[in-house]
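> The structure under discussion is supplied below as structure tokens; questions concerning it will follow.
What follows is calculated from the coordinates using simple rules that are stated; it is not laboratory data. In this text the structure is predicted, and so the values were computed from the model without any measurement. Cβ coordinates were reconstructed from backbone atoms using ideal geometry, including for glycine residues, and neighbour counts include every protein chain displayed.
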Amino acid sequence: MKFLTPLLITTLLLSSCSNNIIRKLTSAGQTPYAVEQLVTWETKANGVAVRSNQIFDLNHYEIPLDLLSSEFASDLSQDIKDSLIFEKNGEAYVRWLINPEDTKWHLEVKKMLDEAGLDSTVHSYLKGYLTASRSMIAFNPENGSAFSVKVSTNNTGGYWNDKKQTWDDANQIRKISDWVKDTLSKMDTKSLVIQDEPLGLGIESLDQGLIVRNLNDVPTGKHYYLPGFSALHETEGKLLAQLNGSTDVVKFWEDNYVRPLAKAMAEFSALTGVYYDSPHSQNFMIELDENKKPTGRVVLRDFGDSYLNRDFVSQTAHASILNIWEKDNIVSGKFPTAVGLLHGNSAPSWLTLNDYKRYGETFYKEYEKKFSEISGIPLTKLQQRPIAGARAFSYLSKAYPTEGDDWKRFFDHANCLGGAETTLSGQDCGEFFTKFQKQDNCFGAVQSFAQ
């Protein structure tokens with residue numbers, strides 16, 4: 001038995017390394033349950049508009065790939081790629097998806113195809129679901145893949161109506177998605193999960209885009225993603241708290257949404273220099289385990305609508321993104337942050353304005369503690385700034401002036417917080433700015449054990 005022990009340990013270590021194993025919990029033709037649950041939360045458990053959660057045929061035009069602009073991530077899932085790109089008559093074609101609520105923007109695409117003498121027949125291949133916004137959940141019954149996708153539409157859920165998805169925006173999203181994913185893959189983030197956006201397509205002449213977002217391991221059933229607004233929903237928030245044995249709904253979501261969100265946003269901003277332009281619960285999701293118990297991690301999505309801190313980003317290997325980013329969304333001399341847990345939504349009866357203010361205080365207490373831990377900015381310095389905007393169920397904000405040696409040291413070591421061994425100027429990172437880097441991978445652990 002002794003000689004089996006090293007083999008067993010090695011096997012377990014190698015098993016933990018694999019991130020490509022997909023558990024097929026449902027047949028290829030059936031939407032995974034965790035995906036259906038996400039759709040139901042999106043459409044039925046938001047405080048703005050109840051929408052249909054029924055599956056529909058997702059229509060598309062067929063457009064030659066070489067007529068489009070495209071941005072592919074190197075690790076784009078083959079199943080997702082096959083869902084949107086196919087071969088016809090020896091040529092690569094794209095399924096340009098049509099939002100079922102759109103009565104305007106897809107007609108521009110049809111007109112372009114007609115004027116070019118190309119087939120503008122509407123086809124259907126994928127299945128789709130609506131969400132609380134203009135995004136759709138696409139499902140491929142043939143290979144079982146599920147993903148989020150955005151195209152232009154003049155009708156959406158919520159308070160936002162005409163929403164054109166531009167190619168310029170899709171291209172920016174692809175760039176920041178790769179950068180954020182590359183950076184965070186090298187760092188040990190305890191509270192943060194991201195949804196990357198691995199595929200962008202564009203019709204430059206119309207400035208229309210299509211952008212795909214991963215659902216991570218939700219289709220496998222390993223985790224559920226609960227939209228932040230569903231946690232603060234009148235009935236769903238209460239039901240999930242009770243499911244987890246809590247009778248104090250306000251306290252339950254303070255501990256399982258507000259606190260981990262604050263830590264996740266601090267990790268995100270301190271490691272990338274990026275912060276949301278629209279930090280509301282549409283962009284945050286709570287990770288739940290297979291039993292719908294919060295894991296302590298929050299999922300951040302949609303980085304296209306963000307501010308970049310020039311002082312930080314210019315000191316990273318990804319500084320070139322400043323050249324393509326919207327100039328009005330590049331900030332210097334201050335480090336703003338905000339959170340609007342109920343912005344664009346309505347408050348449940350079980351949450352008072354005083355509770356909401358307490359949520360804001362809890363958020364900044366946790367945010368500043370984690371941000372200080374990563375950046376080296378003294379906690380007392382961050383705490384000096386007052387919280388603004390606590391008079392309604394909307395945004396709460398703080399803006400930190402980036403003056404002094406502490407902030408300069410933080411910015412100078414920005415490259416280290418992206419996993420590098422040296423600053424951009426070649427200075428050794430030192431122990432403080434490498435303590436959150438992932439030190440070992442699991443294959444390294446196997447190698448060490450074998451030696």
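> Quick check: from the Cα gyration tensor, does the chain come out rounded (a/c under 1.5), prolate or oblate?
rounded
> Between the stretch 350-390 and the stretch 393-443, what is the C-alpha centre distance in whole Å?
With the stretch 350-390 and the stretch 393-443 each reduced to a Cα centre, they are spaced 20 Å.
> List the lysines whose Cα lies under 18 Å from the Cα of residue 164, skipping any in the same chain that are fewer than 8 positions away.
104, 110, 111, 150
> Mind giving me the FRET efficiency for residue 57 and residue 380? R0 is 56 Å, r the Cβ-Cβ distance, nearest 0.05 is fine.
0.45
> Right, next: Just report the Cα centroid separation between the stretch 259-298 and the stretch 62-109, whole Å.
Centre-to-centre distance over Cα atoms comes out at 30 Å.
> With the contact rule set at Cα under 8 Å and sequence spacing of 6 or more, what percent relative contact order holds for the chain?
Once divided by the residue count of the chain, the mean separation gives 16 percent.
> Which loop trypsin sites (Lys or Arg not before Pro) in the stretch 88-155, with loop taken from DSSP, have no more than 16 other Cβ atoms within 10 angstrom of their Cβ?
Loop-located and lightly packed - 104.
> Then there's this: Give me the number: length gained by fully extending residue 72 to residue 251, i.e. 0.36 nm times residue separation minus the C-alpha to C-alpha distance, one decimal in nm.
Stretched fully, the residue 72-residue 251 segment lengthens by 60.2 nm.
> Sticking with the crude label model, points 7 Å out along Cα→Cβ, report the distance from residue 295 to residue 392 in nm, one decimal please.
That separation, rounded to one decimal, is 3.6 nm.
> Mind ordering 394-403, 117-126 by average Cβ neighbours within 10 Å, highest first?
Highest-to-lowest ranking by the protection proxy: 394-403, 117-126.
> Return the percentage of antiparallel bridges among DSSP beta bridges fully within the stretch 39-104, rounded to the nearest 5 %.
Percentage antiparallel, nearest 5: 100.
> Roughly how far apart, in whole Å, are the Cα centres of the stretch 140-189 and the stretch 314-344?
18 Å
> With an 8 Å cut-off on Cα pairs and a minimum separation of 6 or more residues, tell me the relative contact order of the stretch 223-434 in percent.
24 percent
> Counting Lys and Arg as +1 and Asp and Glu as -1, what is the net charge of the other residues whose Cβ lies under 9 Å from the Cβ of residue 132?
Around residue 132, the surrounding residues sum to 0.
> Still on this structure, I have one more. With a sphere of radius 15 Å drawn around the Cβ of residue 318, what net charge do the other residues whose Cβ falls strictly inside it have (Lys, Arg +1; Asp, Glu -1)?
Result for the local shell: +1.
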